[in-house]
Amino acid sequence: MGKMAAAVGSVAMLATEPGEDAFRKLFRFYRQSLPGSADLGAVIDFSAAHAARGPEGPGFNSQSQLSVSSVSEHDAHRAGLQPVSKWRAYGLEGYPGFIFIPNPFLPGYQWHWVKQCLKLYSQKPNVCNLDKHMTKEETQDLWEQSKEFLRYKEVNKRGPRSLLEKLRWVTLGYHYNWDNKKYSADHYTPFPSDLAFLSEQVAAACGFQGFRAEAGILNYYRLDSTLGIHVDRSELDHSKPLLSFSFGQSAIFLLGGLKRDEAPTAMFMHSGDIMVMSGFSRLLNHAVPRVFPHPDGEGLPPCLETTLPADLPRDSLIEPCSTEDWQVCAAYLKTARVNMTVRQVLATDQDFPLEPMEETKRDITADGSCHRDDQSGPLKRARLNPDS
């Protein structure tokens, strides 16, 4: 208890010091923190509470808002999830609309989603960070170009990084443009049906019936990667939740306030964990300052030691994972984590606003004058940068 109290005291002191914003101070504090040290004493671990099935810890409480009847056991199983009745969801004091669900996946079923992120979702026509530096032909199939590197990574750890190991982000559905910080219908790619179904089941279980998965951002983290402080506000409909799925090595997630002078709450994200940001919590500052290596060196989290069952239901969206695919994914995740965030961009019957230049051209053609419609201005979003 002494070490935990000291850690909490240190965090509180950093958050109240004058000058630099409280969020950035704690971001730097946790970025430099060491695994197993007293620095992590103030970090909430929902998974530990879930495993213990004991009283809730300080600052968080068990939720009763899951809508068990909204998702059938059959549909949950199709997406690789346990029945919703077996999930345990948590909320945070002072963060209405935030829901944390410790790993609700069936044993072995996370491997499907890891394989999809590495093997399928990284393929063209989806856009990735490598496209700025390489041709489409060079990034056509990152999996095929990388799998042999990864399978024999343990033999030659000092070898050059494969393209998959250089991957930092991929966009699905409506593409998010990092330069102008907005979505565009001009760069739409078909949203994966299996990920859409998974997202819809999770959203429904959390009380959001009719959620549509229209855009996804996949972040690929190495052990030295971070996710900078930002707010997800580029979506034109903020009434719908943001869903986050984590796989691989554990990380710290910081959830702050509307302004950066509000100290964030730190929590662990483990493989299989799901976070839902809605309501008040939908537009809060958040970041990932640290990814932690496995305590025993290069290893997998215990929940990933179970392979995907060979006997899958006939109508399951989960696809078999070959031994070769499993080996490649396992080699990758020993020193990495993958995060999928899924969003609904537009409200029902809503369209993207016209660009100011397009609006200008239309007005000049129509009546020879030029004016700007204030309602057509695009919403902005802070840049997501796993390498910041």
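The values are calculated or read from the model by the stated rules, or taken from the named source; none is laboratory data. Since the model is a prediction, treat every value here as computed from it, not as a measurement. Cβ coordinates were reconstructed from backbone atoms using ideal geometry, including for glycine residues, and neighbour counts include every protein chain displayed.
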Practice task
Would you be able to tell me the number of residues in the stretch 175-206 that are assigned to a loop (DSSP other than H, G, I, E, B) and modelled with pLDDT of 95 or more?
Solution key: 3
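Which residue is surrounded by the fewest Cβ atoms within 10 Å (Cβ to Cβ), if the candidates are limited to the stretch 117-145 and must be within 16 Å of residue 322 (Cβ to Cβ) and touching a Leu at 6+ places or on another chain (Cβ under 7 Å)?
Keep residues of the stretch 117-145 that are within 16 Å of residue 322 (Cβ to Cβ), which gives 118-120, 143-144.
Retained after the next criterion (residues that are touching a Leu at 6+ places or on another chain (Cβ under 7 Å)): 118, 143.
Details: 118: 27, 143: 19.
Of everything passing the filter in the stretch 117-145, 143 is surrounded by the fewest Cβ atoms within 10 Å (Cβ to Cβ).
Across the stretch 57-82, which residue is modelled with the lowest pLDDT among those that are in a loop (DSSP other than H, G, I, E, B) and surrounded by 16 or more Cβ atoms within 10 Å (Cβ to Cβ)?
Step one: of the stretch 57-82, the residues in a loop (DSSP other than H, G, I, E, B) are 57-59, 63-67, 71-72, 79-80, 82.
Within this subset, residues satisfying the condition of being surrounded by 16 or more Cβ atoms within 10 Å (Cβ to Cβ) are 63, 66, 71, 79-80, 82.
Numbers: 63: 60, 66: 92, 71: 97, 79: 97, 80: 97, 82: 97.
Looking at residues that are in a loop (DSSP other than H, G, I, E, B) and surrounded by 16 or more Cβ atoms within 10 Å (Cβ to Cβ), I get 63.
Does residue 296 satisfy the criteria of being charged (D, E, K, R), loosely packed, with under 12 Cβ neighbours inside 10 Å and at pLDDT 85 or above?
Details: charged (D, E, K, R): yes; loosely packed, with under 12 Cβ neighbours inside 10 Å: yes; at pLDDT 85 or above: no.
For residue 296, the condition - charged (D, E, K, R), loosely packed, with under 12 Cβ neighbours inside 10 Å and at pLDDT 85 or above - is not met.
Condition first: over 28 Å from residue 234 (Cβ atoms), touching a residue at least 40 places away in the same chain (Cβ under 8 Å), outside any loop (DSSP other than H, G, I, E, B) and touching a Phe, Trp or Tyr at 6+ places or on another chain (Cβ under 9 Å). Can you find one or more residues in the stretch 149-161 that meet it?
To start, the set of residues in the stretch 149-161 that are over 28 Å from residue 234 (Cβ atoms) comprises 149-161.
Narrowing the set further to residues that are touching a residue at least 40 places away in the same chain (Cβ under 8 Å) leaves 150-151, 153-154.
If we keep only those that are outside any loop (DSSP other than H, G, I, E, B) too, we end up with 150-151.
Now drop any that are not touching a Phe, Trp or Tyr at 6+ places or on another chain (Cβ under 9 Å), which leaves 150.
Within the stretch 149-161, one or more residues are over 28 Å from residue 234 (Cβ atoms), touching a residue at least 40 places away in the same chain (Cβ under 8 Å), outside any loop (DSSP other than H, G, I, E, B) and touching a Phe, Trp or Tyr at 6+ places or on another chain (Cβ under 9 Å).
Do the conditions hold for residue 282, that is, is it in contact with a His (Cβ under 8 Å, 6 or more places away or on another chain) and of a type in the set (Lys, Arg)?
Numbers: in contact with a His (Cβ under 8 Å, 6 or more places away or on another chain): yes; of a type in the set (Lys, Arg): yes.
Judged against the criteria, residue 282 is a match.
Can residue 213 be described as among the hydrophobic types (A, V, I, L, M, F, W, C), within 19 Å of residue 175 (Cβ to Cβ) and part of a loop (DSSP other than H, G, I, E, B)? Steps first, please.
Values: among the hydrophobic types (A, V, I, L, M, F, W, C): yes; within 19 Å of residue 175 (Cβ to Cβ): yes; part of a loop (DSSP other than H, G, I, E, B): yes.
Spelling it out, residue 213 is indeed among the hydrophobic types (A, V, I, L, M, F, W, C), within 19 Å of residue 175 (Cβ to Cβ) and part of a loop (DSSP other than H, G, I, E, B).
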Practice task
Might you let me know whether the stretch 263-282 holds any residue that is within 23 Å of residue 172 (Cα to Cα), without any contact (Cβ under 8 Å) to a residue 24 or more places away in the chain and either assigned to a helix (DSSP H, G or I) or in contact with a Gly (Cβ under 6 Å, 6 or more places away or on another chain) (or both)?
Solution key: no
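From the set of residues in the stretch 228-251 that are aliphatic (A, V, I, L, M) and crowded, with 23+ Cβ neighbours inside 10 Å, which is nearest to the chain's Cα centre (by Cα)? Give the derivation first.
Taking the stretch 228-251 as the starting set, the residues that turn out to be aliphatic (A, V, I, L, M) are 229, 231, 236, 242-243, 251.
Keeping just the survivors that are crowded, with 23+ Cβ neighbours inside 10 Å gives 243, 251.
Details: 243: 7, 251: 11 Å.
Restricting to residues being aliphatic (A, V, I, L, M) and crowded, with 23+ Cβ neighbours inside 10 Å, the top hit is 243.
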Completion exercise
Residue set 348, 360, 365; condition surrounded by fewer than 17 Cβ atoms within 10 Å (Cβ to Cβ), closer than 24 Å to residue 189 by Cα and modelled with pLDDT under 90; output residue 348
Handout entry: Sole exception among (1) surrounded by fewer than 22 Cβ atoms within 10 Å (Cβ to Cβ); (2) modelled with pLDDT of 90 or more; (3) outside any helix (DSSP H, G or I) for residue 165, by number
Key = (3)
Exercise for the section: Out of 196, 203, 185, report the one residue that is under 30 Å from residue 82 (Cβ atoms) and touching a Phe, Trp or Tyr at 6+ places or on another chain (Cβ under 6 Å). Expected result: 203
Completion exercise
Every listed condition ((1) under 29 Å from residue 203 (Cβ atoms); (2) touching a residue at least 24 places away in the same chain (Cβ under 8 Å); (3) among the acidic types (Asp, Glu)) holds for residue 311 save (2)
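Tell me, yes or no, whether the stretch 87-106 has at least one residue that is over 30 Å from residue 285 (Cβ atoms) and in contact with a Gly (Cβ under 8 Å, 6 or more places away or on another chain).
Quick first cut of the stretch 87-106, residues over 30 Å from residue 285 (Cβ atoms) only: 106.
Add one more test, that the residue is in contact with a Gly (Cβ under 8 Å, 6 or more places away or on another chain), and what stays is 106.
The answer is yes; a qualifying residue exists.
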Handout entry: Condition met for residue 195 (surrounded by 20 or more Cβ atoms within 10 Å (Cβ to Cβ) and either under 18 Å from the mean Cα position of the chain (by Cα) or within 29 Å of residue 316 (Cα to Cα) (or both))
Key = yes
